[in-house]
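Novice: Take a look at the following structure, please.
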Amino acid sequence: MKEFQFVEMRQLTWAVWDDWLDSRGLAIRERLPFAAKELPHRFRELCHDLSIARDRDYSSLLIDSLHKRVLRAQQHIYGAQPRLRRAWLTFFLAGFPALVRGEWRFVIPALLLFFLPLAAYIPIAHYWPESVYLVIPADHAAQMEEMYSPDAPSIGRLRRDAGDDFRMLAAYIWNNVRLDFQCFAGGLLFGVGSIFYLVYNGLIIGATAGHLTRLGYIDTFWGFVAGHSSLELIGAVLAGAAGLRVGYALIAPGNLSRVTALKRSARIAIRMLSGAAVMTFSAAFVEAFWSPLPAVPVAIKYAVGGGLWVLLLAYFLFAGHGPAGDPRHAD
Amino acid sequence: MTGLAAIPATLIDTVRNVDTPEGCRISLRVAGPVSRARAWLIDFLFRAGVYLTVGQFLAFFGKIGGGVVLIMLFALEWLYPTLFEAYWRGATPGKYLCKLAVLHDNGTPIGIGASLIRNTLRAIDFFPLFYGVGAVTMFLTKDYKRLGDLAAGTVVVYCDEPVPPKPDHSSESEPPSIPLTVPEQRAIIEYTLRAGQLTQERSAELAVLATPLTAGMTADHARERLLRIGRFLMGKR
């Protein structure tokens, strides 16, 4: 068959495709040219046209236009996005806790890398107070003392007036969620970046806590951080675990090439990072609007903070055991 | 007509061929560092513009304004590339203007997962200054991938297809006087389609070279003859 006959025979079908491909927005779904279940077959037909045109050495004009059509159809068909809201809901109800449990090989080391320096520094700061200044600059420490001093005008920050809550919320989001992302990205340096962020943040927080505890600012400091501590700290740890996962894939790719191992690992790690980022994001709201409330008695703050820790622990231990948490249902 | 055999089987090119599950091969034209840097620069200027203008305005609103500026900075730095690439045909505004798009390695459009991976890992590619790591990996890998692209399994391609020339369906045709091999037929068909884009003189000059089909003919006659043969080869009777 010569080119002109081929074009004549097929051009009506192609026109139908073009009509659909040129439509935009919602029309893409509604104006489907064929019955939806016929689409794969029709698409294979279109691909077949391209292969035939190439095999028969038809003009590049025809081949190029067919190629363009195949490419656009492929983008349309494979570009269909899953229902986003449902996917996120299932992820947080089931997929995320199941993922965190499944990745315990990275979550446990991340927990240790973060909480060991943190916990160790509190007694160290008590018996060797000068050591605090090894990780916290003196002026920063002084600022902290001022913020959490029992006779400070408002706890946890220097001043407090109308716009402060919102301003601090923005600062927490900007700073903490960004740290999550950087902690994950650092995993690409064979995990070293993530390890550094985990240990360093653990040290800073431990030193601050130890320093303020030694000064006796117990209720102001611990009362302030109790509310958001669970979400914020575990969020940071999970971002680090995501980074460790990526770094481990580069160090020990197993039977795969490093690039393939990295790709597979990143696909899982990014889900963990998304969850971690949402936790950090939520922590920012608690930290901005709940933690600094001066009217709330400190006992209630401890109770709420402890309650959140228990809830979070229960969430990660018990949620998502059903089929919805199965990673094979992911994406 | 002997020079045609010298065309190498695989051309040195930035085309990436992908075999789809539908059993056909599609070619993606991979974008290099320069066009990608240009797209990034456009995005950067756009974001800097938004930040400066909106930031100036918000400065009048005290602490609330300061908070909005920080949230905006966060959105511009992290959400801007991620959401645009995931939900706007794989392109940020800068990429769109440069006719670039991000696709999966297999040619399918990227979703939020791949977009998040390649844009959070930007922090490493940017290291130590102005995409130092990214530039080095781009030159070391096939398809100009920075580390974020490697991890996400994505590739940045040109999405503008060259405009094909319009064929001439009107005039008459004639069969070639000697049997032609497939590459020779192909060459004459290409010539027929592109003759309209060349000047009359140049296309005539080229036609003279196609001996023995056009041996001993004047340049303009040679051109007409070759065009008629081309139309014949495409099936015009």
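Novice: State all residues of the stretch A:59-72 that are more than 43 Å from the chain's Cα centre (by Cα) and within 8 Å of chain B (Cβ to nearest Cβ); if no residue qualifies, say none.
Specialist: Of everything in the stretch A:59-72, those that are more than 43 Å from the chain's Cα centre (by Cα) and within 8 Å of chain B (Cβ to nearest Cβ) turn out to be A:Ser59, A:Ser60, A:Leu61.
Novice: Please work out if B:Ala31 is in the same structural domain as B:Gly90 (by TED's automatic domain parsing), modelled with pLDDT of 90 or more and small (Gly, Ala, Ser).
Specialist: For B:Ala31, the condition - in the same structural domain as B:Gly90 (by TED's automatic domain parsing), modelled with pLDDT of 90 or more and small (Gly, Ala, Ser) - is met.
Novice: Among the residues in the stretch B:94-103, are any more than 21 Å from B:Leu45 (Cβ to Cβ) and either assigned by TED's automatic domain parsing to the domain that holds B:Ala152 or not in a helix (DSSP H, G or I) (or both)?
Specialist: Scanning the stretch B:94-103 turns up at least one residue that is more than 21 Å from B:Leu45 (Cβ to Cβ) and either assigned by TED's automatic domain parsing to the domain that holds B:Ala152 or not in a helix (DSSP H, G or I) (or both).
Novice: If A:Ile136 meets every condition in (1) away from chain B (no Cβ under 14 Å); (2) modelled with pLDDT under 90; (3) buried (at least 20 other Cβ atoms within 10 Å of the Cβ) apart from one, which number is that one?
Specialist: (3)
Novice: Among the numbered conditions (1) surrounded by fewer than 20 Cβ atoms within 10 Å (Cβ to Cβ); (2) within 30 Å of B:Thr192 (Cβ to Cβ), tell me where B:Ala135 comes up short.
Specialist: Failed condition: (2).
Novice: Could you give me the residue pairs with C-beta distances under 6 Å whose first residue belongs to the stretch B:21-32 and is more than 8 Å from every other protein chain (Cβ to nearest Cβ) and over 23 Å from A:Ile52 (Cβ atoms), whose second residue is acidic (Asp, Glu) and not in a strand (DSSP E or B) wherever it lies, and which are 6+ apart or on separate chains?
Specialist: Every condition considered, the pairs that remain are B:Val30/B:Asp143.
Novice: Suppose the filter is touching a Gly at 6+ places or on another chain (Cβ under 8 Å), of a type in the set (Val, Ile, Thr) and closer than 25 Å to A:Leu112 by Cβ; does A:Val199 pass it? It would help to see each step written out before you state the result.
Specialist: Details: touching a Gly at 6+ places or on another chain (Cβ under 8 Å): no; of a type in the set (Val, Ile, Thr): yes; closer than 25 Å to A:Leu112 by Cβ: yes.
Here the answer is no, as A:Val199 does not meet what is asked.
Novice: Among residues belonging to the stretch A:205-215 that are closer than 22 Å to A:Ala303 by Cβ and more than 31 Å from the chain's Cα centre (by Cα), point out the one that is surrounded by the fewest Cβ atoms within 10 Å (Cβ to Cβ).
Specialist: Across the stretch A:205-215, the extreme among qualifying residues is A:Thr213.
Novice: Would you point out the residue of the stretch B:195-218, among those that are assigned to a helix (DSSP H, G or I) and surrounded by fewer than 16 Cβ atoms within 10 Å (Cβ to Cβ), that is modelled with the lowest pLDDT?
Specialist: Residues of the stretch B:195-218 that are assigned to a helix (DSSP H, G or I), as a first pass: B:195-197, B:200-208.
Then drop every residue that is not surrounded by fewer than 16 Cβ atoms within 10 Å (Cβ to Cβ), which leaves B:196-197, B:200-202, B:205.
Working: B:Gly196: 80, B:Gln197: 83, B:Gln200: 86, B:Glu201: 87, B:Arg202: 89, B:Glu205: 86.
Among those that are assigned to a helix (DSSP H, G or I) and surrounded by fewer than 16 Cβ atoms within 10 Å (Cβ to Cβ), it is B:Gly196.
Novice: Taking interchain pairs and intrachain pairs at least six residues apart, which have beta carbon atoms under 8 angstrom, with the first residue in the stretch B:42-57 and outside the structural domain of B:Gly94 (by TED's automatic domain parsing) and the second surrounded by 13 or more Cβ atoms within 10 Å (Cβ to Cβ)?
Specialist: As it stands, the answer is none, since no pair meets every condition given.
Novice: Among the numbered conditions (1) under 14 Å from the mean Cα position of the chain (by Cα); (2) within 14 Å of another protein chain (Cβ to nearest Cβ), tell me where A:Glu287 comes up short.
Specialist: Failing condition for A:Glu287: (1).
Novice: May I ask you to list the residues in the stretch A:249-267 that are in a helix (DSSP H, G or I) and surrounded by fewer than 20 Cβ atoms within 10 Å (Cβ to Cβ)?
Specialist: Quick first cut of the stretch A:249-267, residues in a helix (DSSP H, G or I) only: A:249-251, A:258-267.
Correct list: A:Leu250, A:Ile251, A:Arg258, A:Val259, A:Thr260, A:Ala261, A:Arg264, A:Arg267.
Novice: What are the residues in the stretch B:67-111 that are under 23 Å from B:Tyr144 (Cβ atoms) and of a type in the set (Phe, Trp, Tyr), if any? Break it down stepwise before answering.
Specialist: Taking the stretch B:67-111 as the starting set, the residues that turn out to be under 23 Å from B:Tyr144 (Cβ atoms) are B:80-82, B:84-86, B:88-111.
B:Tyr80, B:Phe84, B:Trp88, B:Tyr96 - these are the residues of the stretch B:67-111 that are under 23 Å from B:Tyr144 (Cβ atoms) and of a type in the set (Phe, Trp, Tyr).
Novice: Looking only at the stretch B:110-123, count every residue that is surrounded by fewer than 24 Cβ atoms within 10 Å (Cβ to Cβ), facing another protein chain (nearest Cβ under 7 Å) and not in a loop (DSSP other than H, G, I, E, B) and tell me the total.
Specialist: Qualifying residue count, the stretch B:110-123: 2.
Novice: Condition first: in contact (Cβ under 8 Å) with a residue 12 or more places away in the chain and hydroxyl-bearing (Ser, Thr, Tyr). Now tell me which residues in the stretch B:98-146 satisfy that.
Specialist: Answer for the stretch B:98-146, where residues must be in contact (Cβ under 8 Å) with a residue 12 or more places away in the chain and hydroxyl-bearing (Ser, Thr, Tyr): B:Ser115, B:Thr120, B:Tyr131, B:Thr137, B:Tyr144.
Novice: Let me ask something else. All but one of (1) exposed (fewer than 15 other Cβ atoms within 10 Å of the Cβ); (2) within 30 Å of A:Gly247 (Cβ to Cβ); (3) at pLDDT below 90 hold for B:Gly62, so report the exception by its number.
Specialist: It is condition (2) that B:Gly62 fails.
Novice: Looking at the stretch B:66-109, which of its residues are facing chain A (nearest Cβ under 8 Å) and over 29 Å from B:Glu22 (Cα atoms)?
Specialist: Answer for the stretch B:66-109, where residues must be facing chain A (nearest Cβ under 8 Å) and over 29 Å from B:Glu22 (Cα atoms): B:Gly66, B:Gly67, B:Val68, B:Val69, B:Leu70, B:Ile71, B:Leu73, B:Phe74, B:Glu77, B:Trp78.
Novice: Hey, does the stretch A:260-283 have a residue that's touching a residue at least 40 places away in the same chain (Cβ under 8 Å), more than 20 Å from the chain's Cα centre (by Cα) and more than 14 Å from every other protein chain (Cβ to nearest Cβ)?
Specialist: no
Novice: Sticking with this structure for a sec: Of the residues that sit in the stretch A:189-199 and are in a helix (DSSP H, G or I) and touching a residue at least 40 places away in the same chain (Cβ under 8 Å), which one is nearest to the chain's Cα centre (by Cα)? Lay out the reasoning, then the answer.
Specialist: So in the stretch A:189-199, the residues in a helix (DSSP H, G or I) come out as A:192-199.
Now drop any that are not touching a residue at least 40 places away in the same chain (Cβ under 8 Å), which leaves A:192-195, A:197-199.
Details: A:Val192: 19, A:Gly193: 17, A:Ser194: 14, A:Ile195: 18, A:Tyr197: 16, A:Leu198: 16, A:Val199: 20 Å.
Applying the filter and picking the extreme gives A:Ser194.
The values are calculated or read from the model by the stated rules, or taken from the named source; none is laboratory data. Values in this document were obtained by computation on a predicted structure and should not be read as measured data. Backbone-built Cβ (ideal geometry, glycine too); neighbour counts: all protein chains shown.
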